[in-house]
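One structure is given below, encoded as structure tokens.
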Amino acid sequence: MIERVDHIGIVVKDLRKALAIYSNGFGLQPKEMREIKDVPLKVAVFQVGDFFIELIEYGNRNSETIKHLRGDREGLNHVCYEVKEFGESIRKLQECGFLLIPGFPRSGVHGKIAFLEAPYPSVELVEILETEHGK
């Protein structure tokens, strides 16, 4: 089911400040900057080897969608796993008690995504991803 860990997502209050810290502190430059207006969010993607770090700034942190995604809380937000059989992966996770976040699956920064809440107390969400090259 899982091919690899693709990335972690970290929610930040101010993307400009976070970019400066990652650039100056870690010597990293964003590989990609994206804005998804319908969520709304801005994301900076850093590549470290074959692993990615996303810094995410949500626009309206008080919306129900953002709260479902825990975007109103700064810090570690999610761990993303690239999977081979997307639909089957969702089904298996739901059978194990994971809850699909409303509005998913949908298109994301890296491909088709779904966010799920773990069936145990957890700070982070689980994201599964089917990349364009993974099809």
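The values are calculated or read from the model by the stated rules, or taken from the named source; none is laboratory data. Since the structure is predicted, the reported quantities are computational estimates derived from the model, not experimental observations. Positions of Cβ are generated from backbone atoms using ideal geometry, with glycine treated the same way; all protein chains shown enter the neighbour counts.
Could you give me the residue pairs with C-beta distances under 7 Å whose first residue belongs to the range 77-102 and is more than 21 Å from residue 64 (Cβ to Cβ), whose second residue is in a helix (DSSP H, G or I) wherever it lies, and which are 6+ apart or on separate chains?
Filtered contacts from the range 77-102: 83/89.
Would a scan of the range 17-31 turn up a residue that is among the aromatic types (Phe, Trp, Tyr), farther than 18 Å from residue 126 by Cβ and loosely packed, with under 12 Cβ neighbours inside 10 Å?
Yes: the range 17-31 contains one or more residues that are among the aromatic types (Phe, Trp, Tyr), farther than 18 Å from residue 126 by Cβ and loosely packed, with under 12 Cβ neighbours inside 10 Å.
Scan the helices (runs of 4 or more DSSP H) fully inside the range 6-108 and keep the ones with 1 or more residues being among the aromatic types (Phe, Trp, Tyr).
By residue number, 15-26, 86-95.
For residues that are surrounded by 14 or more Cβ atoms within 10 Å (Cβ to Cβ) and charged (D, E, K, R), scanning just the range 74-117, find the one that is nearest to residue 50 (Cα to Cα).
This residue is 82.
Looking at residue 62 and the list (1) surrounded by fewer than 18 Cβ atoms within 10 Å (Cβ to Cβ); (2) closer than 18 Å to residue 5 by Cα; (3) at pLDDT below 90, which single condition is not satisfied?
Just one mismatch for residue 62, condition (2).
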